[in-house]
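Since the structure comes first, as structure tokens, the remarks are kept for the end.
The values are calculated or read from the model by the stated rules, or taken from the named source; none is laboratory data. As the structure is a prediction and not an experimental result, all values here were calculated from the model. Here the Cβ positions follow ideal geometry from the backbone for every residue, glycine too, while neighbour counts run over all protein chains shown.
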Amino acid sequence: MTNLINRIQKIFDKLKDENKKAFISFSVGGYPDEESSLEIAKAIADSGSNIHEISFPHAEAQADGPIIQLANIESINKGINLKKIINIAKEIRNHNSEIGLCMMGYLNNLFIYGIEKFAKDISGTIDAVICVDLPSDVVEEKQLNDALKKENIALIKLITPTTSEERIKDIVKNAVGFIYSVNVEGQTGVKSADIDKVNSQIEKIKKYTKIPVVSGFGIKNEEDVKVFSNSKADGIVLGSAIVEKIQKKSLETDDKHIVANFIKDYCKELIKNLNK
């Protein structure tokens, strides 16, 4: 079996050699519709994005700001479910074998689908899973982690501004893939991140782990990306800004290829700003 965690490791090792940061893009699976979301994700993969997060929609996405919440609801209203998102992910993987693929969502969806079934169905396609509302050291976390480990998929650990240093030490102990350092408290796409606070948090995390640390939440535009090009993070996650561009462009045209190419160019520009 291919060691899928190695794909993420190889991405970060290559970027380290080139003295670059990882660009981690994000889209809501099934938004603005099933076919368009696939074309958009394929275009993002072609833009040079290193890792792409595909969100599986959840009606009460607590951590997501209004832009992503709206996309979630629209996706659900169009009948998108986890099975369809997994099929979209498989198509993206067939299109691009090198990009890191990460699925992001909430525990309830996984329980309804079946944790073992989920792990098996994404095996060979997805490199990592982020479960936003899953605390460390609970039975469910062990259950999901064990199921994913069998398939060589990383369960990504999140650290927030309210996480104590003692807790950080504990969380990163068995972490794989990368650590997701959340820049701001509350919802994504609402507040901007403070670079000094971000760097301070990343320094704390890096005291206890050698695996890459990526920075997400509160990176909202091209200017933010330029600022974060000088951060201590090994990569950045851009979510709400991409979803907002998809939203605006989809209102102008229902041609999925025009929307996808527009997003590809937007991501290319952001990547340029990140690694100037």
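Observations on the structure shown:
- Meets criteria (under 29 Å from residue 59 (Cα atoms), in contact with a strand residue (DSSP E or B) (Cβ under 6 Å, 6 or more places away or on another chain) and hydrophobic (A, V, I, L, M, F, W, C)) for residue 154: yes
- Test: residue in segment 150-166 that is under 26 Å from residue 112 (Cα atoms), part of a helix (DSSP H, G or I) and out of contact with any Leu (no Cβ under 6 Å at 6 or more places or on another chain): yes
- Search result, residues across segment 230-254 that are among the charged types (D, E, K, R) and either in contact with a strand residue (DSSP E or B) (Cβ under 8 Å, 6 or more places away or on another chain) or free of Cβ contacts under 8 Å to residues at least 60 places away in the same chain (or both): 232, 234, 245, 248, 249, 252, 254
- Filtering segment 62-118 to residues that are at pLDDT below 95, surrounded by 15 or more Cβ atoms within 10 Å (Cβ to Cβ) and among the aromatic types (Phe, Trp, Tyr) leaves only 106.
- Among the residues of this structure, residue 170 does not count as one that is out of contact with any Phe, Trp or Tyr (no Cβ under 7 Å at 6 or more places or on another chain) and assigned to a loop (DSSP other than H, G, I, E, B).
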